[in-house]
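Dumping the structure here so I can ask a few things about it.
Derivation of every value follows stated rules applied to the coordinates shown; laboratory data play no part. Just so we're clear, the structure is a prediction, and the values are computed from it rather than from any experiment. Cβ: placed from backbone, ideal geometry, glycine included. Neighbour counts: every protein chain shown.
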Amino acid sequence: PGIYVCAKCGHELFSSRAKYEHSSPWPAFTETVQEDSVSKRKERPGALKVSCGKCGNGLGHEFLNDGPKRGQSRF
């Protein structure tokens, strides 16, 4: 339980309350702690490149409509 932070700068990114089990080997989250926790840019259809909202450290992707509930995204 707790808050997941950026490994580079310690900025708060995700809460364990938003974490869920997914077939991916990486932790999966449905939402960020705050709206400005991450920055996003379109990389390809259905996927956004995600970076730390404070320092720009690469965090992976947001996959649109791939969350545990219909219409949710997966980080």
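Stick to the Cα atoms of the chain, pair each with every other, and give me the Kirkwood hydrodynamic radius in Å at one decimal. Don't skip to the answer; put the middle values down first.
On the way: mean 1/r = 0.0805 Å⁻¹.
For the chain, inverting the mean 1/r across all distinct Cα pairs yields 12.4 Å.
Would you mind getting me the FRET efficiency between Arg70 and Arg44? Use the beta-carbon distance for r and R0 = 25 Å, nearest 0.05. Mind showing how you got there, number by number?
On the way: r = 22 Å, r/R0 = 0.87.
Approximately 0.70, to the nearest 0.05.
Oh, and also: Can you compute 3J(HN,Hα) from phi for each residue in region 56-73, using the Karplus curve 6.51 cos²θ - 1.76 cosθ + 1.60 with θ = phi - 60°, rounded to whole Hz and x for Gly and Pro?
With the stated coefficients, region 56-73 comes to x, 4, x, 10, x, 9, 10, 9, 6, 6, 10, x, x, 10, 3, x, 7, 9 Hz.
Within 10 Å of each candidate Cβ there may be at most 12 other Cβ atoms; applying that plus a DSSP loop requirement, which GluC sites (Glu not before Pro) in region 26-67 survive?
Glu35
Taking 0.36 nm per residue of sequence separation and subtracting the Cα-Cα distance, how much length would be gained by fully extending the chain between Gln34 and Ser16, in nm to one decimal?
Contour length minus Cα-Cα distance gives 5.1 nm.
Any idea what the dipole of region 3-63 comes to, in debye rounded to 20, about its Cα centre with Lys/Arg Cβ at +1 and Asp/Glu Cβ at -1?
Value, rounded to 20: 220 debye.
Here is a further query. Check Val38: other-chain or 5+ apart residues with amide H under 5 Å from its amide H, H built from backbone geometry?
Under 5 Å from the amide H of Val38: Gly53.
Hey, another quick one. Taking amide H positions as placed 1.01 Å from N in the peptide plane, with prolines and chain starts having none, which residues 5 or more places from Ala47, or on another chain, fall under 5 Å of its amide H?
Here the answer is Leu64, since their amide H atoms fall under 5 Å of that of Ala47.
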